Amino acid sequence: MSYLEYRVRSVPTGLRKILYLNWPLTILIISAAGFGFLMLYSVAGGSLRPWAEPQMKRFALGFLIMLVIAMTPIWVWRNLSFVGYALSLILLLLVELFGVKGMGAQRWIDLGFMRLQPSELAKITLVMALAAYYDMLPRARISRPIWVILPLGLILLPTLIVLRQPDLGTALLLLISGGAVMYLAGVHWGYFLSIIAAGVGSVTAVFQSRGKAWQILENYQYRRIDTFLDPASDPLGAGYHITQSKIALGSGAWTGRGFMQGTQSQLNFLPEKHTDFIFTTLAEEFGFIGGLSLLAMYVAILMICLIAALRSIDRFSGLLIQGISVTFFLFFAVNMSMVMGMAPVVGVPLPLVSYGGSAMLVLLVGFGLIQSAHVHRPREKL
């Protein structure tokens, strides 16, 4: 038996692949989504509609897609990485032309049965493209300036399009997750110091441009920054969201008020209680213990993904898993920081829990890619 034949035969095939799924990861994903269904049922006043039932259907569809992706060899997704990236760019451009407006922004494409947010898809396809790029690039060239320009372009192109929508939160996530993949690939730290210096300069420019003809951010984004720095300055206006969120978090205490017993959510004091601020509903009804339980699930998912990355043999799989893990971390870290007043409100949903189709489906696509890398990792004995 040749070495190549041995390697091919050491990868699971057919229906046996199901046995090699990362089942702890699968169970944790289902459990986190279950938390979401429970909270959506609660904020609807004990009804499956209008949020819990559609979310369950979307999760079922996304879970099926995750399994299909997991059963497909990882090299297929490697070869399709740049195709997926190009597709996400086309969809982002279509948003500019035919996008549906909502809450002051144009971010969605109406598909009839759901509204697709292409910027969510870009978070995964960007990681795929960068992982494929560094998989092809010899290690000796990684930090050479000419080979750093292309991945920077891959990151900045969707970021600038998303900023036009405008969607500052998603743009920041694209920048950070893309930069993280570059760092994990081995790009010299000196480049990141330069980027940090440029970031400090950009922040200064943002504040200096306020009220001028060349103002960089929208007025509502400046109000969000003001609210973050001092929520009490406008408790009934721009600061209302975060003020009510803090009240809900504090009233939950250790064990919470009880299922469907929260005052802020049930009496509609808490805005966006089914999307961006769903964590505060959970913390009010189940207290510190409930919030910590969900956070523990997220951390466990991260740990399992990182273990899968360490066990991966090929460079593409390792970078892909780590990049998607960083994206997942940014989702819940930014959302939880936001609702606790530790970061400005930027409209980032709580992964697998907040109501919404695009974020749910895209995350499950990402987990499907992680499962594919895990299932198709060559093993000595099967």
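The values are calculated or read from the model by the stated rules, or taken from the named source; none is laboratory data. Since the structure is predicted, the reported quantities are computational estimates derived from the model, not experimental observations. We place every Cβ from the backbone using ideal geometry, glycine too, and count neighbours over all the protein chains shown.
Remarks
- Set side by side, the residues Gly250, Gly287, Gly256 differ, and just one is at positive phi and either out of contact with any helix residue (DSSP H, G or I) (no Cβ under 6 Å at 6 or more places or on another chain) or not small (Gly, Ala, Ser) (or both), which is Gly287.
- Residues of the stretch 328-382 satisfying the condition of being of a type in the set (Gly, Ala, Ser) and closer than 30 Å to His241 by Cα: Ala333, Ser337, Gly341, Ala343, Gly347, Ser354, Gly356, Gly357, Ser358, Ala359
- Complete set of residues in the stretch 172-187 that are in contact with a Ser or Thr (Cβ under 9 Å, 6 or more places away or on another chain) and buried (at least 22 other Cβ atoms within 10 Å of the Cβ): Leu173, Leu174, Ser177, Gly178
- Where Ser143 falls short, out of the listed (1) surrounded by 15 or more Cβ atoms within 10 Å (Cβ to Cβ); (2) assigned to a helix (DSSP H, G or I): (2)
- Flag if Lys17 is in a helix (DSSP H, G or I), over 23 Å from the mean Cα position of the chain (by Cα) and more than 29 Å from Tyr220 (Cα to Cα): yes
- Being in contact with a Phe, Trp or Tyr (Cβ under 6 Å, 6 or more places away or on another chain), assigned to a helix (DSSP H, G or I) and either small (Gly, Ala, Ser) or under 30 Å from Phe37 (Cβ atoms) (or both) holds for only one residue in Gln264, Gln244, and it is Gln244.
- All of Ala122, Ala86 fail the test of being at pLDDT 90 or above, loosely packed, with under 15 Cβ neighbours inside 10 Å, within 20 Å of the chain's Cα centre (by Cα) and not basic (Lys, Arg), apart from Ala86.
- The listed residues are Ser325, Ser354, Ser358, and the only one of them that is crowded, with 22+ Cβ neighbours inside 10 Å, hydroxyl-bearing (Ser, Thr, Tyr), under 18 Å from the mean Cα position of the chain (by Cα) and over 22 Å from Pro73 (Cβ atoms) turns out to be Ser354.
Results for (1) out of contact with any Asp or Glu (no Cβ under 9 Å at 6 or more places or on another chain); (2) not aliphatic (A, V, I, L, M), shown as yes or no for each residue.
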| site | (1), (2) |
| --- | --- |
| Asn268 | yes, yes |
| Glu285 | yes, yes |
| Tyr298 | yes, yes |
| Ser325 | yes, yes |
| Met336 | yes, no |
| Ala343 | yes, no |
| Val346 | no, no |
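- Residue selection: Ile196 fails the criterion of being modelled with pLDDT under 80, β-branched (Val, Ile, Thr) and in a helix (DSSP H, G or I).
- Members of the stretch 30-42 that are closer than 15 Å to Leu363 by Cα and surrounded by 24 or more Cβ atoms within 10 Å (Cβ to Cβ): Gly36
- Whichever residue in the stretch 199-226 is surrounded by 15 or more Cβ atoms within 10 Å (Cβ to Cβ) and aliphatic (A, V, I, L, M) and, among such residues, is modelled with the highest pLDDT: Val206
- Of the numbered criteria (1) outside any loop (DSSP other than H, G, I, E, B); (2) closer than 26 Å to Leu172 by Cα; (3) not aliphatic (A, V, I, L, M), the one Phe286 fails is (2).
- Flag for Ala309 being more than 16 Å from Met336 (Cβ to Cβ), among the aliphatic types (A, V, I, L, M) and buried (at least 20 other Cβ atoms within 10 Å of the Cβ): yes
- Any hit, the stretch 307-317, residues being among the acidic types (Asp, Glu) and either without any contact (Cβ under 8 Å) to a residue 24 or more places away in the chain or assigned to a helix (DSSP H, G or I) (or both): no
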